[in-house]
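Please treat every number below as a calculation from the coordinates, not as lab data. What you are looking at is a predicted structure, and each value in this text was computed from that prediction instead of being measured. Because the Cβ atoms are built from the backbone with ideal geometry, glycine has one as well, and the counts that use them run over all protein chains shown.
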Amino acid sequence: MGTADPCSAGWASVTSAHKRSVHLDASFLIQALVPFSVEAMALRTWLRQGRPIAMSAVSWGEFLCGPLADEERALALRIVLRHIPVGTAEAHEAVRLFHATGRKRGSYQDCLVAATALGAEAELATANQDLFAPFEAYGVMLAR
């Protein structure tokens, strides 16, 4: 992974309250740290627009599993200003999504990530659009 700052222009303006926030999943953040990747360019656009960037604690933990260098971790902390805990409401919503999308083995963690974004009324940015697309029928908004 490269460590060029994908948000070097205007990242300090990420707290605009009237803009829908974007929740990143781990796959998106990993790719966003690659200079000039599609994800890096999308992230830069959202930051310039003043869109708040957040991440569920589940996705953040998955990202931290790495491998990643110290400078990549530091950059990610500059980009993702909020790490959203998963509580009972998110767990219940994840169960609903799990059952609604066919109870696929290994999908519950993705359901938690989607439920966290849904509960925050945020768009979910993922490098695995096909994996999260079934959740759109249940209210999850994918960032494109």
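Here are some notes:
- Between segment 52-77 and segment 81-107, the alpha-carbon centres lie 20 Å apart.
- Under the Karplus curve 6.51 cos²θ - 1.76 cosθ + 1.60, θ = phi - 60°, whole-Hz ³J(HN,Hα) for segment 68-77, x wherever Gly or Pro sits: 7, 7, 4, 5, 5, 4, 4, 5, 4, 5
- Rounded to the nearest 20 debye, the dipole size of segment 20-129 about its Cα centre is 200 debye, using +1 on the Cβ of Lys and Arg and -1 on the Cβ of Asp and Glu.
- Acute angle (nearest 10 degrees) that the helix 88-100 long axis makes with the longest principal axis of the chain, alpha-carbon atoms: 70 degrees
- Other-chain or far-sequence residues with amide H under 5 Å of Leu142's (modelled H): Leu124
- Inter-label distance, nm, simple model (7 Å from Cα along the C-beta direction), Ala100/Ala69: 4.2 nm
- Near-label residues of segment 21-55 by backbone N, under 17 Å of a point 7 Å along Cα→Cβ of Glu121: 21-23, 51-54
- Value of [θ]222 nm, deg cm²/dmol, for the chain, DSSP H segments ≥ 4, -39500 (n - 2.57) each, nearest 500: -13000 deg cm²/dmol
- Residues whose amide H comes within less than 5 Å of that of Ala54, counting only those at least five positions distant or on another chain, are Val22, His23, Leu24 (H built at 1.01 Å from N in the peptide plane).
- Degrees between helix 38-48 axis and first principal axis of the chain (Cα, 0 to 90, nearest 10): 80 degrees
- Between the entries [x] 8.0; [y] 11.4; [z] 10.1, the label attached to mean projected area of the Cα convex hull in nm² calculated for this structure is [x].
- Distant-in-sequence amide contacts of Val86, defined by a placed amide H-H separation under 5 Å and a gap of 5 or more residues or a different chain, comprise Ala57.
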